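Step one of this worksheet: look at the structure below.
The values are calculated or read from the model by the stated rules, or taken from the named source; none is laboratory data. Predicted model, so just to flag it, every value in this text is computed and none were measured. Cβ sites come from the backbone with ideal geometry, for glycine too, and all protein chains shown count toward neighbours.
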Amino acid sequence: MKKIILLSTFFVVLFSCKRNVIEKEDKKFNVLFITIDDLRPQLGIYGDSLVKTPNIDKLANNAIVFDRAYCQAPLCGPSRSSFLSGYYPQTTGAYVINDHIRDAKPDVVTLPQLFKNNGYTSAGLYKVFHLVGFDPTLFGNRNDPESWSIPLWLPKKSVWGPLGDSIYQVNKQLCLRKGPIGYNNIPRSLAYEAPVIADSLLADGETAQQALHYLDDFKEKPFFMAVGFYNPHLPFVAPKKYWDLYNREELVLPENQYAPKGVPVNLLPTSAELRSNVNIPNEGPFDEELKKDLLHGYLASISYIDAQIGLLIDRLDKLNLTGNTIVVILGDHGYQIGEHNLWCKKHSNFEMATRVPLIISTPEHFGNGRRTSKIVELVDLYPTLADLCSLEAPDDLDGHSLVPILNNFNAKDTGSSLSVYGKNGNQQSIRTDNYRINRRKLADSTFYELYDRQIDPHENNNVAYAKEYLSVRDSLTKILEDYFKN
């Protein structure tokens, strides 16, 4: 009898253990993947004392903040093709705004597609991939039906405020003519506006409301939900209450409103995107009031998006999903508001255009409120999320899982990040602990920029051709070339 009891107990324990293992294996973390267009690390959690971002900051205090995260392309479409696939631009073939990863890799399994293939409800809202079009409700989106369990959701509201939208509709052809040839012929309206309207009457606010509905609908099943906010992309349109958060007298413009020493001005991007708006002069310098208007609009737009993110985080708490949901917040690339006299521009490989905010909150690391200065890349997000959710990612990804760093900040990083810009990727850059090197392949020559960030953190002095830095340039060039060997 004792043997029978012991044997019965053994099988009960064995079954119980097996059941626990199965339950652990079957447990699937949800993923709320929030992308914010044109957002540089100008958030309270990144030490900016002026910007008002209480909701993102609150989440970050219970998450892991990456102080040195970098995009792989300082432009919306190519950057998204990279981090949504886990491949560098030279693998995706996406370098400029109209390129899309499936043009070069039609059978790629994207990040949301990986989750869909593993039983998740995969849903995308608004600007996730990229499409260029004249319809203001579509601008900034390219659907990728293979990625989604349900069709990509798009807002019906405009990215422009009421005044800007009316100008757009009435003067569509005027906007087209004003836009410089070569900038995709995208019609524009006002560069900024502060309408007295509810949040939900603009595209991003409407997107947040739909995301709330999705959270309610998906709460009982595992989901991957990508929410792509358009602001703070031009035009800077946010309800007036967000503009009112800021005192214009406290706005501080950058000191380095000039090209870096040793870099010809003609190699820098123009302000074509900004100047194509109807209330921006076609040529000449911008006056101080206009510069402050632009900075003011950018900050107001950030605060507007912060409020929308707050709604999503609160809904996760209300639905008791916080303990089972990974939240990722990122900017798709950096942004320049006057630095190097580049106004409302990404389109470069400077630090301001390539460094991005990256915040990851996971149930396993919730409450840590930690930050790391390890160099990481957005291309790392794909393998990281696959790792966190125990999914098998493609074995040829260019990115590396950040889980070792999430678990141990002493874990080794790759030591550098890559960013690529320009037609056929002719502008290439790597960032290491102490340096940034930019290489421009021109028609009949190659031009280098090298910035010693130990003494020149704002990248104002190109030392690539200084005798004492030639060996540094050569060693960094070898690292750069290694990225392109395969």
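The table that follows gives values for the structure above.
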| read-out | value |
| --- | --- |
| Whichever residue in segment 236-268 is surrounded by fewer than 16 Cβ atoms within 10 Å (Cβ to Cβ) and of a type in the set (Lys, Arg) and, among such residues, is modelled with the lowest pLDDT | 248 |
| Unique residue being touching a strand residue (DSSP E or B) at 6+ places or on another chain (Cβ under 6 Å) and among the β-branched types (Val, Ile, Thr) when the list is 265, 252, 278, 237 | 237 |
| Hits in segment 208-222 (condition: surrounded by fewer than 23 Cβ atoms within 10 Å (Cβ to Cβ) and under 25 Å from residue 81 (Cα atoms)) | 210, 214, 222 |
| Hits in segment 77-121 - residues which are of a type in the set (Gly, Ala, Ser) and crowded, with 23+ Cβ neighbours inside 10 Å | 77, 79, 81, 82, 85, 86, 94 |
| Scan of segment 375-428 for residues that are hydroxyl-bearing (Ser, Thr, Tyr) and either more than 18 Å from the chain's Cα centre (by Cα) or within 22 Å of residue 329 (Cβ to Cβ) (or both), ordered by number | 382, 384, 390, 401, 414, 416, 417, 419 |
| Scope segment 424-469; condition modelled with pLDDT of 95 or more, part of a helix (DSSP H, G or I) and surrounded by 13 or more Cβ atoms within 10 Å (Cβ to Cβ); matching residues | 469 |
| Checking residue 376 against (1) assigned to a loop (DSSP other than H, G, I, E, B); (2) touching a strand residue (DSSP E or B) at 6+ places or on another chain (Cβ under 9 Å), the condition it does not meet | (1) |
| Answer residue from segment 52-76, given it is surrounded by fewer than 20 Cβ atoms within 10 Å (Cβ to Cβ) and assigned to a loop (DSSP other than H, G, I, E, B) and is modelled with the highest pLDDT among those | 52 |
| Answer residue from segment 269-295, given it is under 24 Å from residue 75 (Cβ atoms), surrounded by fewer than 20 Cβ atoms within 10 Å (Cβ to Cβ) and at pLDDT 95 or above and is nearest to the chain's Cα centre (by Cα) among those | 291 |
| Residue count, segment 455-486 (criterion: among the polar types (S, T, N, Q), closer than 30 Å to residue 91 by Cβ and touching a residue at least 60 places away in the same chain (Cβ under 8 Å)) | 1 |
